Amino acid sequence: DTAVSQTPKYLVTQMGNDKSIKCEQNLGHDTMYWYKQDSKKFLKIMFSYNNKELIINETVPNRFSPKSPDKAHLNLHINSLELGDSAVYFCASSPGLSEARGAYNEQFFGPGTRLTVL
Amino acid sequence: GESVGLHLPTLSVQEGDNSIINCAYSNSASDYFIWYKQESGKGPQFIIDIRSNMDKRQGQRVTVLLNKTVKHLSLQIAATQPGDSAVYFCAENTGGGNKLTFGTGTQLKVEL
């Protein structure tokens, strides 16, 4: 009955490797997000997809490539992993985009994937 | 007790006391603000939100205050319980696409 799920929960890998993190939501939401949380707990958005269309793409190295096969899934592929990529990555989803200024759709977060690059 | 969230400060309170967690936001154009709670090993969880046309909103044991003049947001937790121990983040809705910008967070520790 998990609303937003991520796999794997922990990922330890060597520098230079390529890895993927998967996210699925069973809430019927249209919008999904990827966030990165660093060692100081700072949480920053990376990407957002709405109905499989990329709508937010922050200043993220192009080694990071999100893929949304359908609106219930948003995966994150990372090429040529670097030490600085070590962090906790959170997936989130919301019902949809805010349609008017001041409107907000609550974002539901997954449990996170702790990535450690050695 | 009170805190200002800059470099993940820690706020320690006694069980049963009230807690006040403060947040300074940067974008005067932000029109929506949210407080999230993050327990250890878990993802952030929505607590309460407030629109920019309001200055106060109450939930169950929580109250959010917004002062747009000084761009300040606070979260008040009444009768703090051990289960309230977590990191608390304020976030502002800074643009289209539901883009949230998070503050640095405050660690709340409840002492028995």
(request) Please find, in a Gaussian network model of chain B (springs between Cα atoms separated by less than 10 Å), the residue of B:69, B:101, B:80 whose mean-square fluctuation is greatest. (result) B:69
(message) Taking R0 as 22 Å, what FRET efficiency do you get between residue A:118 and residue A:40 from their Cβ-Cβ distance, rounded to the nearest 0.05?
(response) 0.60
(message) Among B:104, B:52, B:34, which residue has its Cα furthest toward the positive end of the charge dipole of chain B, with +1 on Lys/Arg Cβ and -1 on Asp/Glu Cβ?
(response) B:52
(request) Check cross-link reach from residue A:67 to the aspartates and glutamates: straight Cα distance under 17 Å, and skip same-chain residues fewer than eight apart. (result) A:18, A:24, A:30, A:53, A:58
(request) Note down the magnitude of the dipole of the stretch B:1-107 about its Cα centre, charges +1 on Lys and Arg C-beta and -1 on Asp and Glu C-beta and zero elsewhere, to the nearest 20 debye. (result) 300
(message) Only four residue types carry charge here, +1 at the Cβ of Lys and Arg and -1 at the Cβ of Asp and Glu. Report the dipole size of the stretch A:14-79 about the Cα centre in Debye, rounded to the nearest 20.
(response) 260
(message) Using a Förster radius of 41 Å, what is the FRET efficiency between residue A:79 and residue B:78 based on their Cβ-Cβ separation? Nearest 0.05, please.
(response) 0.25
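What's the average, rounded to a whole number, of partner chain beta-carbon atoms within 10 Å of each residue's beta-carbon in B:30-42?
3
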(request) Work out the mean other chain Cβ neighbour count within 10 Å for the residues of A:36-42 and drop it here as an integer. (result) 4
(message) Could you list A:83, B:75 so that the one with the fewest beta carbons within 10 Å of its beta carbon is first and the one with the most is last?
(response) A:83, B:75
(request) Calculate the dipole size of the stretch B:44-112 relative to its Cα centre from +1 charges on Lys and Arg beta carbons and -1 charges on Asp and Glu beta carbons; express the result in debye to the nearest 20. (result) 220
(request) Please go through the residue pairs A:71/B:109; B:42/B:71; A:9/B:99; A:36/B:71; A:22/B:37; A:71/B:56 and name each one whose alpha carbons sit more than 32 Å apart in this structure. (result) A:71/B:109; A:71/B:56
(message) Suppose we flag GluC sites (Glu not before Pro) only when DSSP calls them loop and at most 13 other Cβ atoms lie within 10 Å. Which is the longest uninterrupted stretch of chain B?
(response) B:40-112
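Here, each number is a calculation from the coordinates, and none is a lab measurement. These numbers were taken from a predicted model, which means no experiment stands behind them. A quick note on method: Cβ atoms are made from the backbone with ideal geometry, for glycine too, and the neighbour counts reach across all protein chains shown.
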